[in-house]
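All remarks here apply to the structure that follows.
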Amino acid sequence: MSAKIRLFGLAALHWLVTAAAMVLIAALPAKAADPIKIGFGMALTGPLAANGKSSLLAMQVWEDDINAEGGLLGRPVKLVYYDDQSNPSQVPSIYSKLLDVDKVDLIVSGYASTQIAAAMPIVIGKKKLFISLFGTGINDKFNYPRYFSMIPNGPTPKPAFTRGFFKVAEAQNPKPQTIALAYADAEFGQNACEGARENAKASGFQVIYDMSYPPSTVDFSPIVRSIAARNPDLLVICSYPLDTVGMIRAMHEVGFKPKMWGGAMIGLQATVFKTQLGPLLNGIVNSETWLPVKAMEFPGALDLLKKYQARAPAAGADPLGYYMPVWAYADLQVLGDAIAATKSLNDDVLADYMHKTTFKTVVGDVAFGSSGEWAEERTLAAQFQNIKDNSVEGFRDVKTEVILYPAQYKSGEVIYPYENAIQK
């Protein structure tokens, strides 16, 4: 009898403890759903940091915007990122940590071709969806079905960077005849210059100089002198930010004045490099991707720019944000829209949806072709004109950078030859 009483007592005690615990749990605030984690590396220090910092800030604006709307799938979104120091050798370990230690749900790339290419073996090995941010022809060698490229280079990304330059040059009268090609011996430089060779052939220009230089090059004067000795009508340079600056200074030091020059010089899109060079930029015709001209005021673009510019000083980011912010934001816009539409975080489900869908973004309509590149090309060519000083405010006025190509976004006329542009 006493054993039965003890058993009953224990059962009653268990019930009372359980009930008390349930009451206590009910009184506590509800635990928020675990966040959807999106991981990436980004160049926050080193020579690519100017574009990396502005990209990160725009992605953080997207994170705040999407969470203000209630997140995705009823869950908040959290960006998990590490500084890749502008060093491709850091990238594989970053993505391994994101996937194996941080257990992020999805990954996207950091900025620049070299970093993207370095991540691809990890991405492919893990069979992850991967949206790259400004990679040139990366998937040509991998042919990976879950790869998507956020850059408007279209189905032929290598020649896209300089196509506008060649279209403008071949329209001049008399038409120029000869061209020199110089490029950094690195992922982007090699790919963009390969495309420039295709464009030169299609335009009927004779290539009389075609040389690479080491990415570590500091003194560009010997390169410019060697090119000037051949006296080409045109000069196309495919470079990264620091060598872009070095090449422009060397052109002015040597005093070489081809009829037109520029091409695919990375860095000139960022305000930090524009203000370093100021009037030295006048006359250069270079690739661009977006400028806040009337024809490119896609839905949400100027609102993003306003939010970005308000936060840029505290973030140490590009004060104008005319280059990377719209693309980094659109990168995550596409991913977020795909998640919302499919109600899934499955990489294959998302990739299948992205191959079939046209997305409405701050850079306009985005549709991907079979290789993951944009289905249609929309790379711009623009010329720096009438720059008077090195101030940020001088570059806020988009009249200092005139879109020449393609026709639907054109905002001014080319000043040709180059010598006329530098005299204004």
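Rule-based calculations on the coordinates, nothing more; no lab input. Keep in mind that this is a model prediction, so the values were computed, not measured. Don't worry about glycine lacking a Cβ; one is built from the backbone with ideal geometry, like all the others, and counts go over all protein chains shown.
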Self-check item: Where only C-alpha atoms are counted, convex hull volume of segment 144-268 per residue in Å³
Solution: 109
Exercise. Please give the length that would be gained between Glu170 and Glu198 if that part of the chain were fully extended, namely 0.36 nm times their separation in residues minus their C-alpha to C-alpha distance (nm, one decimal).
Key: 8.7 nm
Quiz item: Going out from 0 in 10 Å bins, what whole percent of all Cα-Cα distances in segment 334-387 drops into each bin?
Solution: 21, 44, 19, 10, 6, 0
Quiz item: Over what distance in Å are the Cα centres of segment 157-196 and segment 29-89 separated?
Solution: 35
Exercise. Kindly flag which residue pairs out of Lys141/Lys167; Lys257/Lys388; Lys37/Lys128 have an alpha-carbon separation exceeding 25 Å in this structure.
Key: Lys141/Lys167
Quiz item: Short version: ³J(HN,Hα) in whole Hz for each residue of segment 265-271, in order, from phi by Karplus 6.51 cos²θ - 1.76 cosθ + 1.60 (θ = phi - 60°), x for Gly and Pro, what are they?
Solution: 9, 6, x, 5, 7, 9, 4
Quiz item: What number comes out for the charge environment of Thr114, summing +1 per Lys or Arg and -1 per Asp or Glu over other residues with Cβ under 11 Å away?
Solution: -2
Self-check item: Integer Hz, Karplus 6.51/-1.76/1.60 couplings in order for segment 295-310, x for Gly and Pro
Solution: 5, 10, 7, 5, x, x, 5, 6, 5, 4, 4, 5, 5, 4, 5, 5
Quiz item: By how many nm would the segment from Ala407 to Ala33 grow when fully extended, if each residue of separation counts as 0.36 nm and the alpha-carbon distance is taken off?
Solution: 129.8 nm
Practice problem: Using every Cα-Cα pair within the chain, state what percent have a distance larger than 40 Å. | Solution: 23
Quiz item: Which order do peptides 111-121, 183-193 fall in by mean Cβ count within 10 Å, highest first?
Solution: 111-121, 183-193
Exercise. Step through the table entries Lys201/Lys259; Lys127/Lys343; Lys97/Lys306, compare each Cα-Cα distance with 26 Å, and write down the pairs that go over it.
Key: Lys97/Lys306
Exercise. Work out how much length His355 to Arg225 would gain on full extension: take 0.36 nm times their residue separation and subtract the Cα-Cα distance, in nm to one decimal.
Key: 42.0 nm
Quiz prompt | Over the chain: helical MRE at 222 nm, DSSP H runs n ≥ 4 each giving -39500 (n - 2.57), nearest 500 | solution = -14000 deg cm²/dmol
